[in-house]
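The values are calculated or read from the model by the stated rules, or taken from the named source; none is laboratory data. None of these values were measured; they are calculated from a predicted model. Virtual Cβ from ideal backbone geometry, glycine too; neighbours counted across all protein chains shown.
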Amino acid sequence: MTTYPRPLREILDRWLYRHPFEGASARRYARDERPAFGDLDERLIARWARELAGARRFLDCGAGPGTFAARLASAHPHLSIVRAEPSRALATRGAVRAIAEALPFDRGAFDLALCLSSIRHVRDRARSLAELRRVARVLWIVELDPSADAARCANHAAHLGSFFLRAAFRPLVVRTAPACDEIASLARGAGWITDEPIADPIQPVYLLRCS
């Protein structure tokens, strides 16, 4: 697949995504974009079942409208789940309003942490990964994969709520996402050890485990 030159990709990334959703963007994300991930949440919870069963405290960093956290709580009621979300519009009741670059939690507060389609939205990814390293023992990063093929992108785009969203999804959303090797390099720079990434077979995302 043809990719944008890196300087152009970085410009588009910063212009489109290095900030939390607010206003109409937040409403559109909660209504149309988040549901397009389909059964990804359930499949992730099943994949990570063993680690989740042995954990006590879980941080959902960039929790959005709380979709994943609600499903996780249903599947693992023993977990103490904290939702951190910088967006005023998306921080549902009980969420902690916080940016990833300055998490208001003690060192080692969480057994597990997750960034699901959220690491691309932080302004300073290196600093955010260092903060997550401070507060969590294990981090899972699930992010849009700019190398995803047309079929995986179509699986997501088909469930978006408008023609414009469907048309723009692959060229302006997926292809401007940070590549897995870039995020893995930043994670290692923050002190994480990264596992071999996994490409989700259905959705255009990669899974990166950091410990």
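Pick from segment 130-142 the residues that are touching a residue at least 40 places away in the same chain (Cβ under 8 Å) and surrounded by fewer than 23 Cβ atoms within 10 Å (Cβ to Cβ): which of them is nearest to ILE202 (Cα to Cα)?
Within segment 130-142, the match that is nearest to ILE202 (Cα to Cα) is TRP140.
Being in contact with a helix residue (DSSP H, G or I) (Cβ under 9 Å, 6 or more places away or on another chain), modelled with pLDDT under 95, outside any helix (DSSP H, G or I) and not small (Gly, Ala, Ser) narrows it down to one residue among ARG107, ARG93, ARG123; which is it?
Being in contact with a helix residue (DSSP H, G or I) (Cβ under 9 Å, 6 or more places away or on another chain), modelled with pLDDT under 95, outside any helix (DSSP H, G or I) and not small (Gly, Ala, Ser) holds for just one of ARG107, ARG93, ARG123, which is ARG123.
If you take the residues in segment 75-90 that are assigned to a loop (DSSP other than H, G, I, E, B) and touching a helix residue (DSSP H, G or I) at 6+ places or on another chain (Cβ under 7 Å), which one is nearest to LEU44 (Cα to Cα)? Show your work before the answer.
Going residue by residue through segment 75-90, those that are assigned to a loop (DSSP other than H, G, I, E, B) are 76-79, 86-90.
Now restrict to residues that are touching a helix residue (DSSP H, G or I) at 6+ places or on another chain (Cβ under 7 Å): 76, 79, 87, 89-90.
Details: HIS76: 13, LEU79: 16, SER87: 24, ALA89: 26, LEU90: 22 Å.
Top of the filtered list is HIS76.
Taking the condition of being modelled with pLDDT under 95 and crowded, with 22+ Cβ neighbours inside 10 Å, how many residues in segment 176-211 meet it?
2
Name, by its number, the condition in (1) in a helix (DSSP H, G or I); (2) at pLDDT below 95 that does not hold for LEU72.
Failed condition: (2).
Residue pairs, Cβ under 6 Å, 6 or more apart or interchain, first in segment 16-33 and of a type in the set (Ser, Thr, Tyr), second outside any helix (DSSP H, G or I) and surrounded by 18 or more Cβ atoms within 10 Å (Cβ to Cβ). List them.
Hits for this filter: TYR29/PHE21.
If the Cβ limit is 7 Å and pairs must be 6+ apart or interchain, which residue in segment 173-194 that is more than 14 Å from VAL205 (Cβ to Cβ) pairs with which residue that is modelled with pLDDT of 95 or more and hydroxyl-bearing (Ser, Thr, Tyr)?
ALA184/THR194; ALA187/THR194; ARG188/THR194; TRP192/SER211; ILE193/SER211
A quick yes/no check of all residues on (1) within 19 Å of ALA130 (Cα to Cα); (2) of a type in the set (D, E, K, R):
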position	(1), (2)
ARG47	no, yes
ALA70	no, no
PRO77	no, no
SER87	no, no
PHE105	yes, no
ALA109	yes, no
